[in-house]
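First the structure, in the form of structure tokens, and then the observations on it.
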Amino acid sequence: MGMKSFRLRRMEQYILEKDTVSMTELCDEFGISMNTARLDVAQLVDKGSIKKVYGGVTSNRQNSLVPFEERKMKHAGYKRAVCKAAAELVEDGDIIYIDSGTTTMYLIDFLKDRKNITILTHNLNAIMRAIPYPDMQIICLPGTLDRKTNSFVAADTGRVLERYNIKKAFIAAAGISLGGDVTNSSPMEFEVKKAAIDNSNHVFLLIDSSKYGKTSLLTFAGLSDMEKVIVDKDVDKSFLELCAGNNVKVQLVDSLE
């Protein structure tokens, strides 16, 4: 990594940690001129992780995770439509990973007719929805229930997931930056998501359009790590261009509301 790239990464982390930073503070902290600071900031703004404010910069991320029940109510029609499209990718006999989150939990509702599928998940809502269906073998990943995400997480949850051969992973995200960083807010969820992506033959990102242009605390993947993104038709055109630039397929869906 070159010196400039290293400085940009450190600067991005510094701004995200501080939340709001003046241009003068950046110059002092990194020992650079105001002109260099402006050029660096311009690159980070283009990436989407920060935004300019009067006299400085501020993070462009969600600082805290909204409670699960509140998130579940938002964009429910879009999320159900995304999951209905995602279910069409699942075949009889598949071994799949269903991520935590309010989008992915609806996937179970559209898999009722599948035969002999194995579901790896730490998503409590997905587990509860799958219980009535005997053709769904449920492998619950270990951990303590995190009530903010309604998922089971522990320090070794990701390592447990590494033991399994996953055919298809359905991933959720708290935000997608304008530069294509796929992010989330929980350090423990970070490890689980990375393990799922690394151990799956096919990786699909399930999001609603409100996630684009937002950056959360941790980047767990790049858009290029996804085989396909399923998102509602209200997503900004620039997101489609970003996906095309990363050779990622996009499937657009209408709300089921």
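The values are calculated or read from the model by the stated rules, or taken from the named source; none is laboratory data. From a predicted model like this one, the values you see are computed outputs, not experimental measurements. Because the Cβ atoms are built from the backbone with ideal geometry, glycine has one as well, and the counts that use them run over all protein chains shown.
Structure notes:
- Screening I32 on (1) modelled with pLDDT of 85 or more; (2) part of a loop (DSSP other than H, G, I, E, B); (3) out of contact with any helix residue (DSSP H, G or I) (no Cβ under 8 Å at 6 or more places or on another chain); (4) farther than 21 Å from V203 by Cα shows it passes everything except condition (3).
- Candidate set from region 219-237 (those that are among the small types (G, A, S) and under 23 Å from V153 (Cα atoms)); member that is surrounded by the fewest Cβ atoms within 10 Å (Cβ to Cβ): G222
- Check on S216, polar (S, T, N, Q), closer than 22 Å to A86 by Cβ, in contact with a His (Cβ under 8 Å, 6 or more places away or on another chain) and surrounded by 22 or more Cβ atoms within 10 Å (Cβ to Cβ): no
- Every condition in (1) more than 30 Å from D156 (Cβ to Cβ); (2) surrounded by 17 or more Cβ atoms within 10 Å (Cβ to Cβ); (3) under 17 Å from the mean Cα position of the chain (by Cα) holds for V250 except the one numbered (2).
- Hey, L256 surrounded by 17 or more Cβ atoms within 10 Å (Cβ to Cβ) and of a type outside the set (S, T, Y) or not: no
- Residues within region 91-127 that are of a type in the set (D, E) and part of a strand (DSSP E or B), tallied: 0
- Residues being more than 30 Å from G245 (Cβ to Cβ), at pLDDT 90 or above and not aromatic (F, W, Y) - total across region 162-190: 3
- Just so you know, in region 153-176 the residues that are within 10 Å of the chain's Cα centre (by Cα) and assigned to a loop (DSSP other than H, G, I, E, B) include one that is farthest from A86 (Cα to Cα), and it is A174.
- One residue from A174, A195 being buried (at least 22 other Cβ atoms within 10 Å of the Cβ) and closer than 24 Å to V235 by Cβ: A174
- Once region 229-250 is narrowed to residues that are outside any loop (DSSP other than H, G, I, E, B), without any contact (Cβ under 8 Å) to a residue 40 or more places away in the chain and among the charged types (D, E, K, R), the residue that is farthest from H202 (Cα to Cα) is K237.
- Residues that are in a helix (DSSP H, G or I) and either closer than 23 Å to D234 by Cβ or of a type in the set (K, R) (or both) within region 198-211 comprise S209, S210, K211, listed in sequence order.
- Condition check for F190: crowded, with 21+ Cβ neighbours inside 10 Å and either in the same structural domain as L145 (by TED's automatic domain parsing) or assigned to a loop (DSSP other than H, G, I, E, B) (or both): no
- Of the candidates K211, K237, the single residue that is within 13 Å of the chain's Cα centre (by Cα) and either of a type in the set (D, E, K, R) or more than 24 Å from D46 (Cα to Cα) (or both) is K211.
- Any chance A155 is touching an Asp or Glu at 6+ places or on another chain (Cβ under 9 Å), crowded, with 21+ Cβ neighbours inside 10 Å and among the hydrophobic types (A, V, I, L, M, F, W, C): no
- N201 under 24 Å from A81 (Cα atoms) and either of a type outside the set (K, R) or touching a residue at least 40 places away in the same chain (Cβ under 8 Å) (or both): yes
- Only residues that are surrounded by 12 or more Cβ atoms within 10 Å (Cβ to Cβ) and closer than 13 Å to V57 by Cβ were counted across region 9-18, and they come to 6.
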